[in-house]
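Some notes on the structure that comes next.
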Amino acid sequence: MTPQRIGFVASPAPVAQEALVAMEARYGQCPLPEAEVIVALGGDGFMLQTLHETQSLDIPVYGMNRGTVGFLMNGYAGDGLRERLAEAEEEILNPLVMTAVTEAGEVFHRIAINEVSLLRAGPQAAWLKISVDGKVRMEELVCDGALVCTPAGSTAYNYSAHGPILPIGADVLALTAIAPFRPRRWRGALLPKTATVRFDVIDARKRPVMADADGRSVRDVVSVEVRSEPAIRHRLLFDPGHGLEERLIREQFV
């Protein structure tokens, strides 16, 4: 069906705001809770922001690139939007849930569509103990950090840290070390999507660590648990032949 009620959102970037004005003039503007589809104008960062802010609406989001990389976006064009939306293919993404405990005993819960990362927050390397489903798998990882990512996030920070690109349909998560010092050659592991990963920070006061979920940080953590959340479904729309599966494959040949 061709959607009639479209809700537009845009990043603050001038090029995105210009596109917003043009799209609203041409297609109208529907309040997001009443929309059949949300069109996000911006880059990947704005798409992640939009998905977080609208996850309770259960409305598909179609991105149009008015940013830089645009991995999660479709190409921008003013013509034929309703037809493109009618033909678009839907991808379902399940995010990660992070539970972080700080040295002060505070507990923070965060949702991450791309990855949860732990990063040293001082001049010294982080010391991390890693457990999977309650079993200690690595007593001590000395590193700049480590991350757990979804398939959708595997081409982002994970890839720059030499982690693997995951097919979008794979029921796995990637656990990747960031600049590991000991074990020096350890680059991480592939884990079942159902796994719960726990990081315990060793000597947290001397070697402070921050946890980050899609850009939202918690400082001075002593433990972090990460798991996939199948109850949350982010619905992304892509032009036929340009979905995440194709993009993930293409990224491995450039």
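The values are calculated or read from the model by the stated rules, or taken from the named source; none is laboratory data. What you are looking at is a predicted structure, and each value in this text was computed from that prediction instead of being measured. Cβ sites come from the backbone with ideal geometry, for glycine too, and all protein chains shown count toward neighbours. Calculation scope for accessible area: heavy atoms of the full protein, side chains included, ligands and nucleic acids excluded. Shrake-Rupley method; radii C 1.70, N 1.55, O 1.52, S 1.80 Å.
Averaged over its residues, the chain has an accessible area of 47 Å² per residue, based on protein heavy atoms and a 1.4 Å probe.
Counting only residues at least eight positions apart within a chain, or on another chain, the lysines with an alpha carbon under 29 Å from that of Lys206 are Lys129, Lys135. Over the stretch 94-226, what portion of Cα pair distances is larger than 26 Å, expressed as a whole percent? Here the tail beyond 26 Å accounts for 11 percent of pairs.
Where does the charge balance sit around Ala100 when Lys and Arg score +1, Asp and Glu -1, over other residues with C-beta under 10 Å from its C-beta? For residues surrounding Ala100, the net value is -2. Helical runs (DSSP H, four residues minimum) scored at -39500 (n - 2.57) apiece and divided by the length of the chain put the mean residue ellipticity at 222 nm at -5000 deg cm²/dmol. Each Lys or Arg adds one and each Asp or Glu takes one away; over the other residues whose Cβ falls under 13 Å from the Cβ of Tyr27, this sums to 0.
The value of relative contact order for the chain, using C-alpha pairs under 8 Å at least six residues apart, is 22 percent.
Charge tally around Ile168: other residues with Cβ under 13 Å, Lys/Arg +1 each, Asp/Glu -1 each, net -4.
Express the Stokes-Einstein translational diffusion coefficient of the stretch 87-131 in µm² s⁻¹, to the nearest whole number, given a Kirkwood radius over alpha-carbon pairs, 37 °C and a viscosity of 0.692 mPa s. Please list the in-between numbers first.
Details: Rh = 13.7 Å.
It diffuses with D of about 240 µm²/s by this estimate.
For the stretch 10-103, the pair-distance distribution built from all alpha carbon pairs, in bins 5 Å wide starting at 0, is 2, 12, 23, 25, 20, 8, 4, 3, 2, 1, 0 percent.
Order 1-7, 44-50 from most to least packed using the mean count of other Cβ atoms within 10 Å.
On the way: 1-7: 14.9, 44-50: 21.0.
Taking the mean over residues of other Cβ atoms within 10 Å, the ranking is 44-50, 1-7.
Computed over protein heavy atoms with a 1.4 Å probe, the carbon and sulfur contribution to the accessible area of the chain reaches 52%.
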